[in-house]
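The values are calculated or read from the model by the stated rules, or taken from the named source; none is laboratory data. Owing to the predicted nature of the structure, the values given are computational and were not obtained by experimental measurement. Methodologically, a virtual Cβ is constructed for each residue, glycine included, from the backbone with ideal geometry; neighbour enumeration extends over all protein chains shown. Just so you know, the surface numbers come from the protein's heavy atoms only, side chains and all, with ligands and any DNA or RNA stripped out. Shrake-Rupley method; radii C 1.70, N 1.55, O 1.52, S 1.80 Å.
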Amino acid sequence: MKKYIYTLVAVVLFFSCGQNNQYEIPTDENGNIIWTGVSSTTTTGISSIDNSFTVTATFATAKVGDVMKVELLQLQTPPDGGTTKQLLPLANTQKEVTVGNDMKASVSYTRDQANLNEVGDYVVVVFNGATDYAKQRVDMVNAMTVSKPTASGKEIEVARTAEVAYFNVRVTPKEGTFTGNVAVRRKNGTDGTWIDVAGSPYSGDDQPYLVPIAGTDFIAENDTMFYTFTATQGSYQEVIESTVIVRDPYFYLKKSATLALGTSSAGRDLLVNGTVPANDPMAMIAVEGSLILKGGSTYLSSGKTIQFVPSTTALYALNNSNTAIAEFESGTPSDTLDPISGQGVYIFKAVTGPNPADVYYGMIMVTGVIPNQSVSFEYRIGNQYAHLSVVR
């Protein structure tokens, strides 16, 4: 009996509470609950060389024709005291916009109105109406990007050679296309003189702008080059600074390999560090009949070559391609490499075609030998920027 009394009391309490807290739930003509969405916003954004931005709000519960009050909030010190900045209304930014038939309303502000002066500044745009609300943060961002020096699509460390690498410069304002120009200057060393880079200023639609840099731009006494990139559009500018340190010429890639005698991995394509049989056309180096390394038979029969000159572990560790090449040219090249001779380090020269870019210098350091089975080695390769599109 107590069980039924408790149940009855619970039902009474349930209905009593419901009567004291009545909320109207919106329904359609069939009595189904109408689930409303959440307002959303989009913005054109603003960059350092733009004059204005627009924010569009799409409302969920407002009605066509509703008037929305809009204002900007920005981090400010409270006028009544305190040192911690707060998001507060920005003076003279109050506007009114009307919700259209598409349930959208847009508002625009200039950078001066929004007090946006440099990259990183931001405001919050707030829409307030009788039945809906929306907000959007707008940050001032960079219009210009400057890559590190690149060659053959890869970022590189600039070497003291006559080869040319390029900074890739793009300018993408938020308002339309870039109609200004980019001026580029450089100076070698802190006490150097600023000069215009060849081709500066850069302009037009053909981006990225390719700004050249070569190792021969550096004088012997200074290994540091300072650059400024200045994008100008109308009365606005953005400046990016960059520093490049040149290094002695070097072999770009270091790889490791193992050649197993009498197997499908008896050869190696040194350009891509690919395992191939000894008689494969791409077997730049191979073991056939013994563990003496040489060019693969089919590789050599096609007119390609590879030769070796003994060297030292110290030169291998130095990784100076100019020094290695000079030592090769002054040495006595051999068509074979004995992995257990000397320090097990060799400079090689491989020629795969008639063009200057088809000549590959590198170094090999033997790291292990299993008699009558295999030879393991580490190698460096790639001494021209042009090689970067081939070796990997």
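Longer than 23 Å from Cα to Cα, which of K63/K174; K154/K304; K63/K95 are they? Say none if no pair is.
Pairs exceeding the cut-off: K63/K174; K154/K304.
Residue-wise HN-Hα couplings along segment 373-384, as the Karplus relation 6.51 cos²θ - 1.76 cosθ + 1.60 with θ = phi - 60° gives them from phi, are 10, 7, 10, 10, 8, 10, 8, 10, 7, x, 10, 10 Hz; Gly and Pro carry x.
Taking the average, over residues, of other Cβ atoms within 10 Å as the packing measure, peptides 73-82, 265-274 rank 265-274, 73-82 from highest down. Chymotrypsin sites (Phe, Trp or Tyr not before Pro), restricted to segment 134-212: which are DSSP loop and have at most 14 other Cβ atoms within 10 Å? Listed in order of number, the matching sites are W194. The stretch between A91 and T61, if pulled fully straight at 0.36 nm per residue, gains 8.0 nm over its current Cα-Cα span.
Count the DSSP beta bridges whose two residues both fall in the chain, then state the antiparallel fraction as a percent rounded to the nearest 5.
Numbers: 105 of 108 bridges.
Beta bridges within the chain, antiparallel portion: roughly 95 percent.
Here is the list for segment 220-308: GluC sites (Glu not before Pro) lying in DSSP coil, each with at most 12 other C-beta atoms within 10 angstrom of its C-beta, are E221.
Annotation: Cα Rg of segment 255-364 relative to the compact-globule expectation 2.2 N^0.38 Å equals 1.01.
For K148, the lysines whose Cα comes closer than 20 Å to its Cα, not counting residues fewer than 8 places off in the same chain, are K187. Solvent exposure of segment 205-264, expressed per residue, is 51 Å² of accessible area, with all protein chains present and a 1.4 angstrom probe.
Working ranking of peptides 180-190, 223-233 by packing, defined as the average number of other Cβ atoms within 10 Å per residue, highest first, is 223-233, 180-190. As a calculated quantity, the FRET efficiency between R247 and S108 at R0 = 56 Å, using C-beta atoms, amounts to about 0.65.
To the nearest 20 debye, what charge dipole does the chain have about its Cα centre, counting +1 at the Cβ of each Lys and Arg and -1 at the Cβ of each Asp and Glu?
900 debye
Protection proxy ranking, highest mean first, for peptides 365-378, 52-65: 52-65, 365-378, where packing is the per-residue count of other beta-carbon atoms within 10 Å, averaged. Residues in segment 176-192 carry Karplus couplings, in order, of x, 9, 7, 10, x, 8, 10, 9, 10, 10, 9, 8, 9, x, 5, 9, x Hz; the curve used is 6.51 cos²θ - 1.76 cosθ + 1.60 with θ = phi - 60°, and Gly or Pro positions show x. Helix 2-20 and the longest principal axis of the C-alpha atoms of the chain enclose an angle of approximately 80°. The GNM of the chain, with springs linking C-alpha atoms under 10 angstrom apart, assigns the highest mean-square fluctuation among L291, L300, L87 to L87. Along the axis of the charge dipole computed for the chain (Cβ charges of +1 for Lys and Arg, -1 for Asp and Glu, origin at the Cα centre), the listed residues A314, P212, G45 are led at the positive end by A314.
Residues in segment 336-349 carry Karplus couplings, in order, of 10, 10, 8, x, 10, 9, x, 8, x, 10, 9, 9, 10, 10 Hz; the curve used is 6.51 cos²θ - 1.76 cosθ + 1.60 with θ = phi - 60°, and Gly or Pro positions show x. Listed by chain and number, the aspartates and glutamates whose alpha-carbon sits under 13 Å from that of K85, ignoring those within fewer than 8 places in the same chain, form an empty set. For segment 144-245, the Kirkwood hydrodynamic radius comes to 14.1 Å, computed from all pairs of different C-alpha atoms. Here the accessible area of the chain is 52 percent carbon and sulfur, with a 1.4 angstrom probe and all protein chains present.
Relative to one another, the C-alpha centroids of segment 43-70 and segment 125-148 are positioned 9 Å apart. Which shape class applies to segment 123-199: rounded if a/c is under 1.5, otherwise prolate when a/b exceeds b/c and oblate if not, where a ≥ b ≥ c are the square roots of the Cα gyration tensor eigenvalues? Verdict is prolate for segment 123-199.
Note the angle between two axes, namely the Cα long axis of helix 321-330 and the longest principal axis of the Cα atoms of the chain, as a number of degrees from 0 to 90, rounded to the nearest 10. It works out to around 10 degrees. Within the listed set S108, S48, S235, the Gaussian network model of the chain (springs between alpha-carbon atoms below 10 Å) gives the highest mean-square fluctuation for S235. Pairs of alpha-carbon atoms within less than 8 angstrom and 6+ residues apart define the contacts here; what relative contact order does the chain have, in percent? Here the relative contact order equals 11 percent. The separation of segment 248-304 from segment 218-239, counted between C-alpha centres, amounts to 45 Å. Taking amide H as placed 1.01 Å from N in the peptide plane, the amide H of S47 sits under 5 Å from that of V141, K174, E175, each at least 5 places away or on another chain.
Each principal axis of the Cα cloud of the chain was taken in turn, and the coordinate range along them, longest first, works out to 101, 79, 43 Å. Heavy-atom accessible surface of segment 40-140, averaged per residue, reaches 51 Å², computed with a 1.4 Å probe.
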